[in-house]
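Peer 1: So that we are looking at the same thing, I have put the structure below in structure tokens.
The values are calculated or read from the model by the stated rules, or taken from the named source; none is laboratory data. What you are looking at is a predicted structure, and each value in this text was computed from that prediction instead of being measured. Every residue, glycine among them, receives a Cβ derived from its backbone with ideal geometry; neighbour counts consider all protein chains shown. The accessibility values were calculated without ligands, DNA or RNA, using every heavy atom of the protein model including side chains. Shrake-Rupley method; radii C 1.70, N 1.55, O 1.52, S 1.80 Å.
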Amino acid sequence: MSHPAIGQEDFHKFREFFYRKTGILFEDSKRYFVDKRLIERMEATGSDSFRSYFTMLRFQASSEELQALTNAMTVNETYFFRESYQFDCLVNSLLDEVVATKPPKKPVRIWSLPCSTGEEPYSIVIYLLEHWAKLDRFDVEIFASDIDTQVLQAAAKGVFSPRSVQHLPAALLRKYFTRLANGNYKIDEQVSDSIDFSRVNLLDPLDTRHFRDIDVVFCRNLLIYFDDTSRRAAAEIFYNAMSPGGFICLGHSESMSRISDLFRVRKFKDAIVYQKPL
Amino acid sequence: MPLRKTRAEDLPQAGSQAALSADEAIALLGGPDAAGRQAAARRLAGNAAAAEALCARFAVETDIPTREAIAVALMRTQSAVTVERLLPFLSSEDAALRNTVIEILQALPAEVAPHMERLLDHPDSDVRIFAVNVLEALRHPKVEEWLIAVVSADRHPNVVATALDLLGEVGTEAAIPALSRIAARFADEPFLKFAAGNAMKRIGAGS
């Protein structure tokens with residue numbers, strides 16, 4: 001079976017459109033990667049040319065195909081210490097700014113959403129315990145939420161595959177995990193007991209109304225899967241849930257500046273994050 | 001360990017965050033507290049019966065986060081009333097307000113469509129440019145047809161230039177005849193000839 005061809009101008013046209021919609025920019029060197037996935041989606045949707053596929057992508061009222069293509073173009077898996085430069089930024093810069101303006105006895109609040117099977121919030125706990133010297137002076141509350149109750153159950157259980165923990169230094173693996181007979185790793189209960197896991201649909205105000213005065217939000221690789229309106233609604237909900245001066249960390253291919261004007265960009269040594277103005 | 005487990009549902013809620021009825025939310029929209037108005041807007045998102053009230057507040061709202069909350073609520077409500085009430089703001093001198101209106105309209109393709117031809121025929125060329133800006137992200141099958149009409153008939157170079165830029169992305173062979181006439185229609189505007197050629201190149205390259 002012959003594949004529909006994608007010309008150089010088609011690639012450029014698609015690249016500009018996809019960048020505008022998602023913030024993801026493909027260099028020329030990614031041409032093979034992009035073409036392969038475009039052709040897969042064209043075949044899956046029965047499109048006989050790039051043009052007909054692009055028209056559907058551009059004008060389909062439901063945006064379903066843009067969603068499917070975005071899924072194909074982004075490969076996400078969760079594991080401990082993923083994109084750890086943001087955790088470095090948390091303990092080296094963000095928390096110090098947060099506590100500098102925090103009223104006495106007010107807890108520091110961190111919200112991980114979507115938390116999936118727990119690797120992200122547990123990574124945050126380990127980072128705090130290992131790298132934030134002021135931890136013994138402040139109460140820290142960590143909330144972890146997801147819309148999927150199955151992943152929440154798995155997160156609360158705290159058992160992880162060797163692949164999931166492969167980026168953890170051996171010393172931390174020994175310190176915070178117990179190796180099980182089947183080769184998996186169970187996280188220390190002191191760590192798992194420090195996190196509140198809850199089911200949350202980010203776009204449902206009834207689900208999010210409890211979240212107040214959040215100082216740091218980790219929302220990585222979620223907004224990229226939302227349509228424009230939902231993305232903007234999510235930004236507005238985070239703004240409402242956060243403390244003035246609070247920070248939000250997005251995935252490496254996501255940009256709040258492309259979603260909403262409510263936050264300002266902050267460049268730190270370890271990472272670029274977004275801040276609710278004080 | 002200073003890591004303290006607290007259940008999210010046990011966190012104290014601000015008064016304005018408690019569950020509101022639609023009537024309470026509409027009343028709260030006019031209140032003095034910005035957080036309350038934002039909570040009201042969030043509560044009313046998707047409620048078509050509240051579009052009128054949301055638009056009325058949007059028109060006078062000066063607090064930026066509250067204006068954003070109302071804008072998001074209007075985007076999520078899909079009401080023809082929203083389009084009717086907001087279209088006049090395309091003529092506003094307030095650029096931030098106008099841009100937010102364009103973004104709201106972009107999110108309401110079915111509701112905007114019945115107004116598009118009239119907008120593209122507006123006597124003010126700036127409004128026509130903003131109408132083309134609405135088309136930029138409008139998910140509607142007639143976008144190309146509207147753009148072809150603009151490059152075929154509009155006499156203002158800036159309006160046509162805006163449409164040409166977009167046609168380069170969304171145009172098909174159907175746009176070629178109109179694009180081919182640009183050089184003759186705007187003989188004194190070499191940029192438009194260039195932009196039309198660019199759009200044709202992009203369209204012609206389509207497989």
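Peer 1: Can you figure out the FRET efficiency of A:Phe33 with A:Gln60, using R₀ = 25 Å and their beta-carbon distance, to the nearest 0.05?
Peer 2: Result of the calculation: an efficiency of 0.60.
Peer 1: Another question, if that's okay. Taking the DSSP beta bridges in the protein assembly as shown as the whole, what percent of them are antiparallel, to the nearest 5?
Peer 2: On the way: 11 of 30 bridges.
Beta bridges within the protein assembly as shown, antiparallel portion: roughly 35 percent.
Peer 1: For the pair A:Asp193 and A:Lys134, what calculated FRET efficiency results from E = 1/(1 + (r/R0)^6), where r is the Cβ-Cβ distance and R0 = 30 Å, to the nearest 0.05?
Peer 2: On the way: r = 21 Å, r/R0 = 0.72.
Plugging the Cβ-Cβ distance into 1/(1 + (r/R0)^6) gives 0.90.
Peer 1: While we're here: Between 0 and 90 degrees, rounded to the nearest ten: what's the tilt of helix B:34-44 against the longest Cα principal axis of chain B?
Peer 2: That works out to roughly 70 degrees.
Peer 1: Could I ask something else about it? May I ask you to compute the full-extension gain from B:Ala48 to B:Ser21, defined as 0.36 nm times their residue separation minus their alpha-carbon distance, rounded to one decimal in nm? Walk me through the intermediate numbers first.
Peer 2: Details: separation 27, 0.36 × 27 = 9.72 nm, distance 1.45 nm.
Separation in residues times 0.36 nm, less the Cα-Cα distance, equals 8.3 nm.
Peer 1: Here's a follow-up. Please report the carbon-and-sulfur percent of the accessible area for segment A:8-73; probe 1.4 Å, protein heavy atoms only, DNA, RNA and ligands left out.
Peer 2: 50 percent
Peer 1: Also, quick follow-up: Please give every one of the lysines within straight-line cross-link reach of A:Lys186, meaning a C-alpha to C-alpha distance under 18 Å, and leave out same-chain neighbours fewer than 8 residues apart.
Peer 2: The qualifying lysines are A:Lys157, A:Lys175.
Peer 1: Quick one: net charge around A:Gln150, please, counting Lys, Arg +1 and Asp, Glu -1 for every other residue with C-beta under 12 Å from its C-beta.
Peer 2: My count for the surroundings of A:Gln150 gives 0.
Peer 1: Select from A:Phe87, A:Gln166, A:Ala271 the residue farthest towards the positive end of the dipole of the protein assembly as shown; place +1 on Cβ of Lys and Arg, -1 on Cβ of Asp and Glu, and compute about the Cα centre.
Peer 2: Value computed over the given set: A:Gln166.
Peer 1: Could you work out [θ]222 nm for the protein assembly as shown from helices alone, using -39500 (n - 2.57) per DSSP H run of at least four and dividing by all its residues? Round to the nearest 500 deg cm²/dmol.
Peer 2: Using -39500 (n - 2.57) per qualifying helix, the result is -14500 deg cm²/dmol.
Peer 1: In addition: Any aspartates and glutamates with Cα under 14 Å of the A:Lys267 Cα? List them, leaving off those in the same chain fewer than 8 positions away.
Peer 2: Filter leaves A:Asp88, A:Glu97.
Peer 1: From other protein chains only, count the Cβ atoms within 10 Å of every residue's Cβ in B:75-85, then give the mean.
Peer 2: Numbers: counts 5, 5, 0, 1, 0, 0, 0, 0, 0, 0, 0.
Partner-chain Cβ atoms within 10 Å, mean over residues of B:75-85: 1.
Peer 1: May I pose another question? Which value in nm describes the separation of the simple spin-label points at B:Glu136 and A:Thr149, placed 7 Å from the Cα toward the beta carbon?
Peer 2: 4.4 nm
Peer 1: Could you pull out every one of the aspartates and glutamates with an alpha carbon less than 16 Å from that of B:Lys201, ignoring same-chain neighbours closer than 8 positions?
Peer 2: Within reach: A:Glu9, A:Asp10, A:Glu16, B:Asp165, B:Glu169, B:Glu173.
Peer 1: Out of A:Ala233, A:Ala144, A:Ala181, any idea which swings most in a Gaussian network model of chain A, alpha carbons joined below 10 Å?
Peer 2: Result for chain A, Cα springs under 10 Å: A:Ala181 fluctuates most.
Peer 1: What is the distance, in nm, between label points placed 7 Å from the Cα along the Cα-to-Cβ direction at A:Asp96 and at A:Phe17?
Peer 2: Placing both labels 7 Å along Cα→Cβ, they lie 4.7 nm apart.
Peer 1: Lysine pairs in segment A:1-138 with Cα distance under 20 Å, only those 8 or more apart or on different chains: how many are there?
Peer 2: 8
Peer 1: For chain B, modelled as a Gaussian network with Cα springs under 10 Å, which listed residue fluctuates most, B:Leu192, B:Leu135, B:Leu74?
Peer 2: B:Leu192
Peer 1: Continuing with the same structure: Return the FRET efficiency for the residue pair B:Asn158, B:Ala113: r is the Cβ-Cβ distance, R0 is 30 Å, and the value is rounded to the nearest 0.05.
Peer 2: FRET efficiency, B:Asn158 to B:Ala113: 0.80.
Peer 1: Within chain A, which is the longest segment that contains none of the trypsin sites (Lys or Arg not before Pro) sitting in a DSSP loop with at most 14 other Cβ atoms within 10 Å?
Peer 2: A:164-268
Peer 1: Same structure again: Give me the number: length gained by fully extending A:Ser253 to A:Asn184, i.e. 0.36 nm times residue separation minus the C-alpha to C-alpha distance, one decimal in nm.
Peer 2: 21.8 nm
Peer 1: Count charges around B:Val151 for me, please; just the other residues with Cβ under 9 Å from its Cβ, Lys/Arg as +1, Asp/Glu as -1.
Peer 2: On the way: positive: B:Arg181, B:Arg185; negative: B:Asp154.
Summing Lys/Arg as +1 and Asp/Glu as -1 gives +1.
Peer 1: Quickly work out the B:Glu84-to-B:Ile64 label distance, labels modelled 7 Å from Cα along the C-beta direction, and quote it in nm with one decimal.
Peer 2: Modelled inter-label distance: 3.3 nm.
Peer 1: Restricting to segment A:85-275, compute how many DSSP beta bridges are antiparallel as a %, nearest 5.
Peer 2: Among the beta bridges of segment A:85-275, antiparallel pairing accounts for roughly 40 percent.
Peer 1: Still on this structure, I have one more. Build a GNM of chain B with springs between Cα atoms under 10 Å: which of B:Val170, B:Val143, B:Val127 gets the top mean-square fluctuation?
Peer 2: Answer for the Gaussian network model of chain B: B:Val170.
Peer 1: Each residue of segment B:181-191 in turn: what ³J(HN,Hα) in whole Hz from Karplus with 6.51, -1.76, 1.60 and θ = phi - 60°, glycine and Pro shown as x?
Peer 2: Rounded to whole hertz, the list is 8, 4, 4, 6, 5, 10, 4, 8, 10, x, 4.
Peer 1: Place a +1 charge on the Cβ of each Lys and Arg in the protein assembly as shown and a -1 charge on the Cβ of each Asp and Glu, then give the dipole magnitude about the Cα centre in debye, rounded to the nearest 20.
Peer 2: 960 debye
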